[in-house]
Structure formats: structure tokens, C-alpha cells
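Contents: one structure, followed by commentary.
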Amino acid sequence: MKILVTGANGFLGSILIRHLLNAGYNVRSLIRKEAQDRFLRGLNNIEIMHGDIRNAEDVEKAIDDCGIVFHLASLYKFYPWWVKETQEIYQVNVEGVKNLLKAALRNGVERFIFTSSIAALDIFSGTSHYARSKLMAEKEVEKARLEGLPALILRPAIVLGAGDWKPTPSGEIILKFLNREYYCYFETKL
């Protein structure tokens, strides 16, 4: 069975791909042509397709003959709720999901796994455009489930691990703490 992974060149996606390859799956990734591929270097037996989830034709080609889709691609930028020009985050995080879901339904995908975020919980949905976009995307996944797509939604709260080169927002918090870049003490839980 062939598995499509979007966001394969990211921190979490590249770890998932390694696990899938080690388990013997045929893996296809969909990444933007201009995206960095440092996490995919040296991996054999992976089919890399260049495209954009915002482009329905690219998505249709990528999903063709795949039984499972892991959708991890996402745009994470902190746009506070008061910033009005944020089209890009909704184009990637919502319209991209819609393209994937439509193609998955048309192609009879056996399982669609959407990696959302704890930010999608209603209590956070007004805090940033990222949180709002993830909640909107989850609602699209729920609609597709009602149309018969076997879909799951994952909501990681914090993602940490070796190889976090960018770093992720979670990794950045740890680095700033260790480098004493926070100028105050605050009590919090992650």
C-alpha cells in the first residue's frame, strides 16, 4: 500500500516517513519545490513529488493510487487576532485541507489522518489566526467524515525531539529558557 505524507520535509513529517519506511511501506511525499529537503536527504525508497496543497491538480496527482494520507503540512506563523492581512495561513491550512479531502474522497482513500493542533480547541480559536485556521480545517475534516471518508484528527500539544533544527515553536521555548532569553519568571505548564 502506498502512503502519501504531506509536510514530509518538516520535523514531524520526516520522523513519520522514517517509521513508515522502516515498517516496509511505499511512501510518497508532496513538498513545495522551493521547500528545504534537509530532513529527507539520504532517504531511499521515497517518492518525492513537488507541488503545493493549495493547487488541486498537484494534490490529485499526489493522492492518486495512495491508500492512506497523513496530512502534516501546515503554515505556522503567529498572526495575532487583530492582524487583518492573513490570507496565506487560511489558503494553506484550510483551502489546502479542502483540496486534500476532495481528492481523498474521489480516490477512495482508506484512511485520512490530519495532524491539527491543540490550538484548534475552541478555547484558543480567538487567540490567533493559526488557531482559527486549524479549527476551520478540523471542521472540513468532520464534513468529509460525514461524506464517508475514514478520517482521524490528531491534536498534538507540544512536539519535541532530536533534529529540531528550525526549531519548532516548542523547541524555541526551551532554547530561549536555556539561553536565559526570558527576562522574567512565569509559571506555566506544557
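The values are calculated or read from the model by the stated rules, or taken from the named source; none is laboratory data. Quick caveat: nothing in here was measured; it's all calculated off a predicted structure. Note that each Cβ is placed from the backbone with ideal geometry, even for glycine, and that neighbours are counted across all protein chains shown. We work out accessible area using only protein heavy atoms, side chains counted, and drop any ligands, DNA or RNA first. Shrake-Rupley method; radii C 1.70, N 1.55, O 1.52, S 1.80 Å.
With the cut-off at 1.5 for a/c, could you classify the range 1-129 from its C-alpha gyration tensor as rounded, prolate or oblate?
The shape class here is prolate.
For K77 and E47 in one chain, what is 0.36 nm times their gap in residues minus the Cα-Cα distance, to one decimal in nm?
Length gained between K77 and E47: 8.0 nm.
Averaged per residue, what accessible area in Å² does the chain show with a 1.4 Å probe, protein chains only?
59 Å²
Suppose R0 equals 41 Å; then what is the FRET efficiency for A56 and L175 from their Cβ-Cβ distance, rounded to the nearest 0.05?
FRET efficiency, A56 to L175: 0.60.
Each residue of the range 19-35 in order: what ³J(HN,Hα) in whole Hz does its phi give by Karplus 6.51 cos²θ - 1.76 cosθ + 1.60, θ = phi - 60°, with x for Gly and Pro?
Here the 3J(HN,Hα) series is 5, 5, 5, 5, 7, x, 7, 7, 10, 10, 10, 10, 9, 5, 4, 8, 6 Hz.
Between F70, F177, F112, where does the largest GNM mean-square fluctuation fall for the chain, given springs only between Cα atoms within less than 10 Å?
Judging by the Gaussian network model, the answer is F177.
Could you state the number of Å between the C-alpha centres of the range 8-52 and the range 89-157?
21 Å
Under 5 Å between amide hydrogens, which residues at least 5 positions from N26 or on another chain qualify, with H placed 1.01 Å from N in the peptide plane?
Amide H to amide H, under 5 Å and 5 or more residues apart or across chains, N26 pairs with I3.
Just add up the charged neighbours of E140: K/R +1, D/E -1, any other residue whose Cβ is under 12 Å from the Cβ of E140.
+2
Within a Cβ distance under 15 Å of S74, other residues only, what is the Lys/Arg minus Asp/Glu net charge?
Once positives and negatives cancel, what remains is +3.
For V159 and K139, FRET efficiency with R0 = 30 Å and r from the beta-carbon atoms, rounded to 0.05?
Values: r = 23 Å, r/R0 = 0.76.
Calculated value: 0.85.
Along the charge dipole of the chain, Cβ charges K/R +1 and D/E -1, which of A104, G161, I3 sits furthest on the positive end?
Among A104, G161, I3, the one farthest towards the positive end of the dipole of the chain is G161.
Show me, for the range 87-100, the HN-Hα J-couplings you get by feeding each phi into the Karplus relation (A = 6.51, B = -1.76, C = 1.60, θ = phi - 60°), rounded to Hz, glycine and proline as x.
4, 4, 5, 6, 5, 6, 7, 10, 5, x, 5, 4, 4, 5
Return the carbon/sulfur percentage of the accessible area of the chain, one whole number, probe 1.4 Å, all protein chains in place.
53 percent
Pairs to check: K84/K139; K84/K176; K139/K176. Give those whose C-alpha atoms are more than 25 Å from each other in this structure.
Details: K84/K139 22 Å; K84/K176 29 Å; K139/K176 34 Å.
Going by Cα-Cα distance, K84/K176; K139/K176 fall outside the 25 Å limit.
Excluding H129 itself, calculate the net charge of residues whose Cβ lies under 11 Å from the Cβ of H129, where each Lys or Arg counts +1 and each Asp or Glu counts -1.
+2
Report ³J(HN,Hα) in whole Hz for each residue of the range 58-63, in order, from the Karplus equation J = 6.51 cos²θ - 1.76 cosθ + 1.60 where θ = phi - 60°; Gly and Pro get x.
The phi angles translate into 4, 5, 4, 5, 5, 7 Hz.
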